[in-house]
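Data first, discussion second: the structure below is written as structure tokens.
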Amino acid sequence: MRAIGALMCVVLFVGLSGCSTSKFRTYNGPEVTKVVVNKADRKMHLLHHDRVLNSYDVDLGFAPEGHKQFEGDGKTPEGEYLIDRRNPNSEFHLSIGISYPNSADVTRARMAGLSPGGDIFIHGESKRGFAAKRDWTWGCIAVTNREMEDIYAMVKNGTPILVNP
């Protein structure tokens, strides 16, 4: 009887271990040619040319109105950038980097005697529970972890991103 119980436990363990899912997904659909974020609507759209492939609700920096001016202002940048890097080990599940600051951002901040900041990403949820409120990031664009898995698979480095007010 003990042998049957032990065997059942092993079968259950093996079966459940096969159910674990990876955060790395594959995508075989149309190429994402542009990412568009509309801050006022709290929406992000992944486009293949003029066709919307997917749309997501987003959270922004804790001071979402206006363009990022300097490090620590809590604003999400506005303008045209590129997706320029990936972080599979992000503190926020997965993340893809936005090429902020550009030369105009650097010049603007330096003229004010400040750092423009950096490390702006599209990322998943915080492991520290910050996402319990709206617009909780330091200037990044946040989605759910499950959504970030899809975005990470769909959006490649070099993809243009337009962040509208």
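Where a number appears in this text, it was derived from the coordinates with a stated rule and is not lab data. Just so it is clear, the structure is predicted and the values come from calculations on it, not from any experiment. For neighbour counting, all protein chains shown are included, and Cβ atoms are generated from backbone atoms with ideal geometry for every residue, glycine included.
Helix 2-17 and the longest principal axis of the Cα set of the chain meet at an angle near 20°. Estimated from the Cβ-Cβ distance and a Förster radius of 25 angstrom, the FRET efficiency linking E65 and K34 is about 0.55.
Local charge for G29 was computed over the other residues whose Cβ lies under 13 Å away, with Lys and Arg +1 and Asp and Glu -1, and equals +1.
Kirkwood radius for the chain, taken over all pairs of different Cα atoms as the inverse mean of 1/r, rounds to 17.3 Å.
Between amide H atoms placed 1.01 Å from N, distances below 5 Å from T33 occur with L47, H48, H49, all of them 5 or more places distant or on a separate chain. Ranking P88, V36, I120 by how far each Cα lies toward the positive end of the dipole of the chain (charges on Cβ) leaves P88 at the top. Looking at the range 40-94, the pairs of alpha carbons with a distance over 16 Å make up 63% of the total. Computed over the range 93-151, the percent of Cα pairs more than 15 Å apart is 55. Counting only DSSP H runs of at least 4 residues, each contributing -39500 (n - 2.57), and dividing by the residue count of the chain, the helix-based mean residue ellipticity at 222 nm comes to -6500 deg cm²/dmol.
Residues whose amide H falls under 5 Å from that of H93, counting only those 5 or more places apart or on a different chain, are absent, with hydrogens built in the peptide plane. Bridges between two residues of the chain, per DSSP, are antiparallel at a rate of about 75%. Structural size metrics of the range 29-123, computed from C-alpha coordinates, are Rg and Dmax of 14.1, 46 Å.
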